[in-house]
Amino acid sequence: MLSGHSYLGAETWNKSINDFTDDWKNTFEDAAAVGMQYVISPGVDESLCKNEDDYKWYMQLFNKTGELAKKSGVQFAYHNESYEFNHYFKNIRLYDILLKSTDKNLVAQQIDIGNMYGTGGRAMEYLKQYPGRFFAMHVKDEIKSATHNEGYESTVLGEGVVGVEAIVDYAKKYGGTKQFTVEQESYQYKTPIDCAKDDLAIMKTWGY
């Protein structure tokens, strides 16, 4: 695998010895051993987002993890969820604080254009505001939903409100994004394999 998700939370740091746990260190050694290039943490630890001081410490942990990853020959990265877009410190979104507080050479970014939508994040705005910051993208479209917490659920590409074609095209031409992963998690009474076929078909009409 090129990459995999491993969660960076409070439990990865042993405060009694002021160092990462052996399990967290082994995460990167194991990733390197099997040929992975990226270890990606999905979402923030909400227990460290209750006050600004804890969050600043958490951001330092991101950079330290990036240094740890490089020692093993892999790159650490972050994958956004939804919480980061409707929680703030001093009217600044947690996601923006993360992007500004982490060293781009230590913490790469895998942007999920669907996860952010229901809580107010707009992928095109971030691609333009932080050019070249997002090496990878989870390509996802969204429609309104009465059963999901943020009021949206994923759907076949091009059938939702995200504006996927323009986002992917911009990221490819100007954003420095090299890896695109089509992702769909809700299927509107279709089978997952039929949705995958539809997603592939629409991507082909977009020239991919």
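3J(HN,Hα) along the stretch 11-19, derived from phi through the Karplus expression 6.51 cos²θ - 1.76 cosθ + 1.60 where θ = phi - 60°, amounts to 6, 7, 10, 8, 5, 5, 10, 6, 7 Hz, with x in place of Gly and Pro. Secondary structure note: in the stretch 3-205, about 30% of the DSSP beta bridges are antiparallel. 3J(HN,Hα) couplings calculated from phi for the stretch 180-194 with the Karplus curve 6.51 cos²θ - 1.76 cosθ + 1.60 (θ = phi - 60°) are, in sequence order, 10, 10, 6, 9, 9, 10, 10, 10, 6, 6, 8, 7, x, 5, 5 Hz; Gly and Pro show x. From least to most packed, judged by other beta carbons within 10 angstrom and beginning with the fewest, 22, 54, 112, 45 follow the order 22, 54, 45, 112.
Put the Cα centre of the stretch 1-24 next to the Cα centre of the stretch 134-151 and the gap is 27 Å. Phi angles of the stretch 130-147 translate, via the Karplus equation with coefficients 6.51, -1.76, 1.60 and θ = phi - 60°, into HN-Hα couplings of 10, x, x, 8, 10, 6, 9, 9, 8, 8, 8, 10, 9, 10, 5, 8, 8, 10 Hz per residue; Gly and Pro are given as x.
Of the labelled figures [x] 17.6, 56; [y] 15.6, 44; [z] 19.2, 66, only one reflects Rg and Dmax of the Cα atoms in Å as derived from the coordinates, namely [x].
Going toward the positive end of the dipole of the chain, with +1 on Lys and Arg Cβ and -1 on Asp and Glu Cβ, which of 51, 151, 107 do you reach last? Positive-end residue among those listed: 107. Distances between placed amide hydrogens fall under 5 Å for residue 81 paired with 43, 44, all partners being 5 or more residues away or on another chain.
Where a number appears in this text, it was derived from the coordinates with a stated rule and is not lab data. As the structure is a computational prediction, the values presented were derived from the model and not from experiment. Cβ coordinates were reconstructed from backbone atoms using ideal geometry, including for glycine residues, and neighbour counts include every protein chain displayed.
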